[in-house]
Amino acid sequence: MLHMNRMNLPWTSLGLVALVLYGCAAVGGNGPDGDAEARRIQAAQRFLATLDPAQRERAKASFEAAERRAWDFVPKARPGVRLGDLDTRQRTALHELLDTTLSSQGHLKVEGIVRLEDVLFELESKPGAPASHRDPGQYSIRVFGSPGTGPWAWKFEGHHVSLNFTSTEAGPSRTTPFFLGVSPARIPAGKYAGARVLIIEEDLGREILLALDEGQRASSRLAGAKPSDVILGPSVDRCFEHVEGVRVGDLRPEQQGLVTRLLDEFAQNLAPDLCAQARQRFAEDGVDALRFGWNGGTGVGEAHYWRIVGSKFAIEFADVDGGSNHFHCVWRDFERDFGADLLREHLEHDHAHSGH
């Protein structure tokens, strides 16, 4: 077995991320939704087939496992097969699976976040005390159920990444919770000094606020202190009790366009069929009914938080430290997280055909 380490992990240039941030060119995923789902099933099956029996046992779990609905983004050991324990053929199969669900933009963001572990290792290691918990090999993949046979799901997760995909025969894959984070948001020194991964999420969120007039900005202000992190994080399965922020329908057309662009940045992280599904979902309330809220500073380097909330979904962005170089962003769907709506349809379909 070839173990992945910092010497044999080629850096995916973070500069490449910037080249695709405004595009939605995807590797795979074209064609009817059914074809796209079939490719995901085939890619998952091919990945599992590359694993040896011990790896496959670590990689697979029951669809009913409570772990399927558990997610987080801290650096730690996780159930599943580790990225660092995959050889070249197995890593290739994993990336092919990612290519069926993510666009090139989304895949490069995830790859850039993984590579930031090497940057953190260099920044945090001290003589005689390496920061060994900063390890790009620590990310893991876990498959729940059997791809192509009934409901199934898979997740790719590690520090600052939690991707959760769920599928049944009732519809295309569900893609939330979807979490990305970066630290450092701007690489401060070294070969890749100045490189950034989540560029649009930071810059366009601030651009929306700065485009507001004084009255609109007052309406957008969220009550209380700046949240210390995203609110809809792990173990939180609810919408906001009190929806605050400026109503997007009260903004001028050019301001509304900025909000639409920011939503589309998240949709465009996904393969074309899933991107179209996300766009449709974001549009279901109508852009007018959405709320944009902000708290914190407005200048580059100032800690801040923003969110866009509809009746069915929310997207949050939090600058989680005073140095403004550590960001978290999450997309949650109040009805579709972990495929909850698909599973209801699946159970109703089974019940209707059971004769009871």
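Condition check ((1) more than 30 Å from Cys329 (Cβ to Cβ); (2) part of a helix (DSSP H, G or I); (3) touching a Leu at 6+ places or on another chain (Cβ under 9 Å); (4) touching a residue at least 40 places away in the same chain (Cβ under 8 Å)) across all residues:
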residue	(1), (2), (3), (4)
Asp35	yes, yes, no, no
Arg40	no, yes, yes, yes
Gln55	yes, yes, yes, no
Arg68	no, yes, no, yes
Val74	no, no, no, yes
Arg78	no, no, no, yes
Problem - From the options Phe121, Phe144, Phe165, residue that is in a helix (DSSP H, G or I) and either assigned by TED's automatic domain parsing to the domain that holds Gln90 or touching a residue at least 12 places away in the same chain (Cβ under 8 Å) (or both) - result: Phe121
Exercise for the section: Output the number of the condition that Val17 fails; it satisfies all remaining conditions of (1) outside any loop (DSSP other than H, G, I, E, B); (2) at pLDDT 65 or above; (3) β-branched (Val, Ile, Thr). Expected result: (2)
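Could you list, in sequence order, the residues of the range 124-141 that are farther than 28 Å from Arg40 by Cα, among the charged types (D, E, K, R) and touching a residue at least 40 places away in the same chain (Cβ under 8 Å)? Write out each step before concluding.
Step one: list which residues in the range 124-141 are farther than 28 Å from Arg40 by Cα, which gives 124-134.
If we keep only those that are among the charged types (D, E, K, R) too, we end up with 124, 126, 134.
Result: Arg134, single match.
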Handout entry: Residues of the range 240-251 that turn out to be over 24 Å from the mean Cα position of the chain (by Cα), part of a loop (DSSP other than H, G, I, E, B) and surrounded by fewer than 16 Cβ atoms within 10 Å (Cβ to Cβ), as a count
Key = 1
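Within the range 76-99, does at least one residue satisfy the condition of being of a type outside the set (Lys, Arg) and at pLDDT below 95?
Applying the first criterion (of a type outside the set (Lys, Arg)) to the range 76-99 yields 77, 79-81, 83-88, 90, 92-99.
Now restrict to residues that are at pLDDT below 95: 77.
Yes, there is a match, as at least one residue in the range 76-99 is of a type outside the set (Lys, Arg) and at pLDDT below 95.
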Practice task
Output the residues belonging to the range 312-353 that are among the small types (Gly, Ala, Ser), modelled with pLDDT under 95 and closer than 22 Å to Phe292 by Cα.
Solution key: Ser324
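The values are calculated or read from the model by the stated rules, or taken from the named source; none is laboratory data. As the structure is a computational prediction, the values presented were derived from the model and not from experiment. A quick note on method: Cβ atoms are made from the backbone with ideal geometry, for glycine too, and the neighbour counts reach across all protein chains shown.
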